[in-house]
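Participant: Dropping the structure in here first, questions after.
The values are calculated or read from the model by the stated rules, or taken from the named source; none is laboratory data. All values derive from a computational prediction rather than experimental measurement. Note: ideal-geometry Cβ built from the backbone for every residue, glycine included; neighbour counts use all protein chains shown. Just the protein is used for accessible areas: all its heavy atoms, side chains included, with ligands, DNA and RNA removed. Shrake-Rupley method; radii C 1.70, N 1.55, O 1.52, S 1.80 Å.
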Amino acid sequence: MPLLARYAEGLFWLARYMERVENLARLVDVTQTFESPGLEAEAWDALIRIHADEEHFAKNHTVLDPEAVKHYYLLDTSNPSSVIGSIEAARTNARTLRPIISTEMWKHLNVFHRELATVQDWELRGDALSRLCTRIKEAVQTHTGITEGTFFRDQGWHFYELGRLIERADQTTRLLDIKFHRLAPNGREERQLEERTQWGGMLRAVAGYHAFRRIAPVDFSGDQVVSFLLADPCFPRSVRLCLSQAEWHLTQLRTSYGLRGTLTALEQIEEMRGALLDRTAKQIIQDGLHDFLDAMQRDLITLAAVIGRAFFRDWRPAEPEVATEQSQSQSQSQSGGGSQSQSQSQGTTLRSTADGGITS
Amino acid sequence: MRDRISAIGLEGLRARATAAENDLMSLGITFTVYSEARAIDRILPFDCIPRIITAAEWRKLEAGVRQRVAAINCFLHDIYHDRHIISDGIVPADLILGNSNYRPEMEHFPVRFGTYAHICGIDIVRDEHGEFRVLEDNARTPSGVSYVIENRHLMRRAFPDLLAGMALRPVDDYGMRLREALTEIAPEGVLDPQVVLLSPGIYNSAYFEHVFLAREMGVPLVEGADLVIENDRVFMRTTSGLRAVHSIYRRLGDDFLDPLVFRPDSMIGVPGLIAAWRKGNVAIANAVGTGVADDKAVYAYMPRIIKYYLDQEPILLNVETNICREAAGLAVTLDRLHELVIKPVGESGGYGITIGPRSTLAELDAARAALLADPSNWISQPMIGLSVGPTLTPEGIRPRHLDLRPFAVTGRSTWVLPGGLSRVALKAGSLVVNSSQGGGSKDTWVIAETAA
């Protein structure tokens, strides 16, 4: 069964948006636990910086108030990378994908989208915030479970998984970066204790704390956490595991569906794995963790672009006159797919070249 | 049925109907209404009391629909070829050649099996004597069939006790039949034709139905931009390159199909599609130019058209119709304006209708002015005592006006989906059943023939 390029692209982005929502909920949750009394704003500032949203945020906000940041990332519809913005984008993609996703996937997403629209501002405050984050996280996990149990596993599923894994790897690097923004590498004993508490909080945010406990020494240090999140071969959210799973999906597309355009992407993963494993975490931190994470994020954008060029909508058999459309996808900045272009046509009239919004 | 409904009780019916409607919303079984630049997803309101059609009634309806579809296809073939019906003086030439839905591109172009209107919806009411009468033919891209099937699913989920033990004609195989017909009409010699459904996309108000039909047929739902023409052949863009397409169920109007032939500003069509079609490399359903057959002006001639091509009396009667483009028709209409229903010939969806007995003097004057300004744009019909069916309302179970749209699928031969879409006017006294104007729908039960 051939797969429409548009569907492949939609599936890739549906998964990315959903994964982003889950991670955003995790990030907000962990940021709250990083709040030090009197320095609340500092913790929330880091959230904005790792998303490179300083400029966009400043457009509508004059002060950096924790409440404003929470609203910005959870409920602000003008922020395309907020939870609500991502769900909107995920649902629009799912709508175009209704012919091929399962009815149960669509129904759940449709209902979740509707529920999210009813979230009130008070749910962002105090202990309610953590509960809201849990609700969001669990909704995405429900989506993931429904998908696992109902989505037909032909090539479309591989594109869906690729989107999810690339986004997940990207989000793990961001989570590490938030930590980098908070802490200097060394300190006195109580500083170390505080550090350890914070590393623990981060591990809990990605559901990795107990797995880490099993493999790490009792008196662990920061570089071991970094190593765990980047290069552990078994942790579901480690960059390394995401990459090797992505590699497996690309290989499946190549061998079972004859998609030879996977070659460039496979080579890209090969290179990224090299960068990840050639140095120890200690060395990476010494050379500059932030720069390393930044490079990793850029590589992931390239990986997504390579897959997009090979298989998605803008894939064209060398037709010069449509070359202008090539730039439509994948030119996004750090946070991947962006907003929709909702050129409403009521179906009968004219439509811009945008396809009703699959990607940015 | 009456006993079963009373066993559930009014409160029970209401609670279940509400739950069923929430279900429709969650499932996104909706159509989109656009107002003030906002898109609102609405469900087609669902009335839980089924409309029941006996086996004998259905025998007549089915035969009548079949006959009507056969006549429509003969008519379309004739007017795009030798035009005997014009030269024999049955239908005036300007009514056809001057019709805005007439497509010169179709002249002398053969379609397989002579089928132009592959999917046809015939709107039927019963008059005060219980006689079935055709209100309107829909031979372009009739919609609503998804609700027929979804309504049955909904009844099974929410009212299993109403359905228990009922021997009903099934509606589930519509998608299979449709795909069969689309496969039959594919160009000759193609072994395993690729069928697709061409949709304007997610912003179309009937997008849910497009999704539904693509899924039921098991074929890709494509948008214009997914298709590309090379050397007069149609291809779709897939992850593994271009794949040939042989048969297209299109859900966009003629005007938007191909910007090289029709509206040049259409961005939802496929440039070069018509050329590929005329080369015989792809089938398109419905064919281009079928709108000339379901026009309200041509409707008036349908009984004569049936007789002319099939040499049969119409099994289903028309509603008596005055053609205002003819002097006699206009005179009668102007004379009895307050008794008649006046309809524009070019509109669909219940727009632009004046119902004489329910209009103010000012409204009648406006209608009179419009009639005189452009008589050929209008027809008029007597008020008929439109059929009613028991319907759940805030006041209890009350009679509400309803109509029936059976769907016919024609490839090599015609198949009629048992039943059809029963649309019901939910407002007391209202005659307008269109979904765009607050109508709802019911499950339609055709009782199976008992084994003789």
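Participant: Anything in the range B:395-428 that is closer than 29 Å to B:T354 by Cβ, open to solvent by 40 Å² or more (accessible area, probe 1.4 Å) and small (G, A, S)? List them, or say none.
Facilitator: B:A428
Participant: Can you tell which of B:I353, B:I342, B:I379 is open to solvent by 60 Å² or more (accessible area, probe 1.4 Å) and β-branched (V, I, T)?
Facilitator: Being open to solvent by 60 Å² or more (accessible area, probe 1.4 Å) and β-branched (V, I, T) holds for just one of B:I353, B:I342, B:I379, which is B:I353.
Participant: Somewhere in the range B:294-301, is a residue at pLDDT 95 or above and either open to solvent by 20 Å² or more (accessible area, probe 1.4 Å) or more than 14 Å from every other protein chain (Cβ to nearest Cβ) (or both)?
Facilitator: Taking the range B:294-301 first, the residues at pLDDT 95 or above are none.
Within the range B:294-301, none of the residues are at pLDDT 95 or above and either open to solvent by 20 Å² or more (accessible area, probe 1.4 Å) or more than 14 Å from every other protein chain (Cβ to nearest Cβ) (or both).
Participant: A further question on this structure: Given the criterion surrounded by 15 or more Cβ atoms within 10 Å (Cβ to Cβ), assigned by TED's automatic domain parsing to the domain that holds A:H158 and over 22 Å from the mean Cα position of the chain (by Cα), identify the matching residue among A:R254, A:R260, A:R273, A:R240.
Facilitator: The conditions single out A:R254.
Participant: Could you pull out every one of the helices (runs of 4 or more DSSP H) wholly within the range A:29-125 that has 2 or more residues that are modelled with pLDDT of 90 or more?
Facilitator: Those helices (runs of 4 or more DSSP H) span A:54-60, A:66-74, A:83-97, A:103-116.
Participant: Still on this model: Could you check the range A:61-98 and list, in sequence order, the residues that are more than 14 Å from chain B (Cβ to nearest Cβ) and of a type in the set (K, R)?
Facilitator: Result: A:K70, single match.
Participant: Continuing with the same structure: Taking A:G126 and the conditions (1) open to solvent by 40 Å² or more (accessible area, probe 1.4 Å); (2) small (G, A, S); (3) within 13 Å of another protein chain (Cβ to nearest Cβ), which numbered condition does it fall short on, given that it satisfies the others?
Facilitator: (3)
Participant: Further question: Looking at (1) within 19 Å of A:I178 (Cβ to Cβ); (2) open to solvent by less than 30 Å² (accessible area, probe 1.4 Å); (3) in contact (Cβ under 8 Å) with a residue 40 or more places away in the chain; (4) not in a loop (DSSP other than H, G, I, E, B), which one does A:F212 not meet, given that it meets all the others?
Facilitator: With (1) within 19 Å of A:I178 (Cβ to Cβ); (2) open to solvent by less than 30 Å² (accessible area, probe 1.4 Å); (3) in contact (Cβ under 8 Å) with a residue 40 or more places away in the chain; (4) not in a loop (DSSP other than H, G, I, E, B) applied to A:F212, the lone miss is (3).
Participant: Condition first: more than 12 Å from B:V292 (Cβ to Cβ) and in a helix (DSSP H, G or I). Now tell me which residues in the range B:95-108 satisfy that.
Facilitator: B:E105, the sole residue that qualifies.
Participant: Right, something else. Filter the range A:100-118 down to the residues that are open to solvent by 20 Å² or more (accessible area, probe 1.4 Å) and out of contact with any Ser or Thr (no Cβ under 7 Å at 6 or more places or on another chain), then identify the one that is farthest from the other protein chains (Cβ to nearest Cβ).
Facilitator: A:T118
Participant: Just to confirm my filter: which strands (runs of 3 or more DSSP E) fall fully inside the range B:1-69 and include at least 2 residues that are open to solvent by less than 70 Å² (accessible area, probe 1.4 Å) and within 21 Å of B:A408 (Cβ to Cβ)?
Facilitator: B:46-53
Participant: Scan the range A:44-58 and report the pairs whose first residue is on the phi > 0 side of the Ramachandran plot and whose second residue is open to solvent by 10 Å² or more (accessible area, probe 1.4 Å), with Cβ atoms within less than 9 Å and a gap of 6+ or a chain change.
Facilitator: These pairs meet every condition: A:A52/A:S333; A:A52/A:Q334; A:A52/A:S335.
Participant: For the range B:387-394, state whether one or more residues are assigned to a helix (DSSP H, G or I), open to solvent by 40 Å² or more (accessible area, probe 1.4 Å) and at negative phi. Spell out the reasoning first.
Facilitator: Step one: filter the range B:387-394 for residues assigned to a helix (DSSP H, G or I), giving none.
Looking for residues that are assigned to a helix (DSSP H, G or I), open to solvent by 40 Å² or more (accessible area, probe 1.4 Å) and at negative phi, one finds none in the range B:387-394, hence no.
Participant: Which of the residues spanning the range B:302-318 are open to solvent by 20 Å² or more (accessible area, probe 1.4 Å), assigned to a loop (DSSP other than H, G, I, E, B) and aliphatic (A, V, I, L, M)?
Facilitator: Result: B:I315, single match.
Participant: Just need a number here: residues in the range A:234-264 that are assigned to a helix (DSSP H, G or I), in contact (Cβ under 8 Å) with a residue 12 or more places away in the chain and closer than 22 Å to A:N23 by Cβ.
Facilitator: Final tally of qualifying residues: 9.
Participant: What are the residues in the range A:119-138 that are out of contact with any His (no Cβ under 8 Å at 6 or more places or on another chain), in contact (Cβ under 8 Å) with a residue 12 or more places away in the chain and either outside the structural domain of A:D65 (by TED's automatic domain parsing) or not charged (D, E, K, R) (or both), if any?
Facilitator: A:V119, A:L129, A:S130, A:L132, A:C133, A:T134, A:I136
Participant: The conditions are (1) outside any loop (DSSP other than H, G, I, E, B); (2) aromatic (F, W, Y); (3) open to solvent by 50 Å² or more (accessible area, probe 1.4 Å); (4) within 30 Å of A:G258 (Cβ to Cβ), and A:F152 fails exactly one of them. Which is it?
Facilitator: (1)
Participant: Quick one: in the range A:1-16, which of the residues that are closer than 16 Å to B:I202 by Cβ and either in a helix (DSSP H, G or I) or open to solvent by 10 Å² or more (accessible area, probe 1.4 Å) (or both) is nearest to the other protein chains (Cβ to nearest Cβ)?
Facilitator: Within the range A:1-16, the match that is nearest to the other protein chains (Cβ to nearest Cβ) is A:R6.
Participant: How many of the residues making up the range B:306-322 are of a type in the set (A, V, I, L, M, F, W, C) and either without any contact (Cβ under 8 Å) to a residue 40 or more places away in the chain or over 20 Å from B:R405 (Cβ atoms) (or both)?
Facilitator: Looking only at that region, the number is 1.
Participant: Of everything in the range B:345-373, what is part of a loop (DSSP other than H, G, I, E, B) and at pLDDT 90 or above? Give them in sequence order.
Facilitator: Scanning the range B:345-373 gives B:S359, B:T360.
Participant: Tell me which residues, restricted to the range B:70-90, are outside any helix (DSSP H, G or I) and either farther than 28 Å from B:F256 by Cβ or among the small types (G, A, S) (or both).
Facilitator: B:D82, B:D88, B:G89, B:I90
Participant: Name every residue in the range B:1-53 that is free of Cβ contacts under 8 Å to residues at least 12 places away in the same chain and of a type in the set (K, R), in order of residue number.
Facilitator: If the condition is that a residue be free of Cβ contacts under 8 Å to residues at least 12 places away in the same chain and of a type in the set (K, R), then B:R2, B:R38 are the ones that fit.
Participant: Still on this structure, I have one more. Name the residue, out of B:L197, B:L221, B:L178, that is out of contact with any Ser or Thr (no Cβ under 8 Å at 6 or more places or on another chain) and not assigned by TED's automatic domain parsing to the domain that holds B:I149.
Facilitator: B:L197
Participant: List the number of the failed condition for B:L242; all other conditions in (1) closer than 30 Å to A:Q252 by Cα; (2) more than 12 Å from every other protein chain (Cβ to nearest Cβ); (3) touching a strand residue (DSSP E or B) at 6+ places or on another chain (Cβ under 6 Å) hold.
Facilitator: Tallying (1) closer than 30 Å to A:Q252 by Cα; (2) more than 12 Å from every other protein chain (Cβ to nearest Cβ); (3) touching a strand residue (DSSP E or B) at 6+ places or on another chain (Cβ under 6 Å), B:L242 fails exactly one: (2).
Participant: Got a sec? Which helices (runs of 4 or more DSSP H) wholly within the range B:125-232 have at least 2 residues that are in contact with a helix residue (DSSP H, G or I) (Cβ under 8 Å, 6 or more places away or on another chain) and away from chain A (no Cβ under 14 Å)?
Facilitator: In the range B:125-232, the matching helices (runs of 4 or more DSSP H) lie at B:145-158, B:160-163, B:174-184.
Participant: Oh, and also: Tell me the residue from B:V270, B:V288 that is open to solvent by less than 20 Å² (accessible area, probe 1.4 Å), assigned to a loop (DSSP other than H, G, I, E, B), modelled with pLDDT of 95 or more and within 14 Å of another protein chain (Cβ to nearest Cβ), please.
Facilitator: Checking each option against the conditions leaves just B:V270.
Participant: Out of curiosity, is B:M166 among the aliphatic types (A, V, I, L, M), open to solvent by 50 Å² or more (accessible area, probe 1.4 Å) and modelled with pLDDT of 95 or more?
Facilitator: Numbers: among the aliphatic types (A, V, I, L, M): yes; open to solvent by 50 Å² or more (accessible area, probe 1.4 Å): yes; modelled with pLDDT of 95 or more: no.
It is false that B:M166 is among the aliphatic types (A, V, I, L, M), open to solvent by 50 Å² or more (accessible area, probe 1.4 Å) and modelled with pLDDT of 95 or more.
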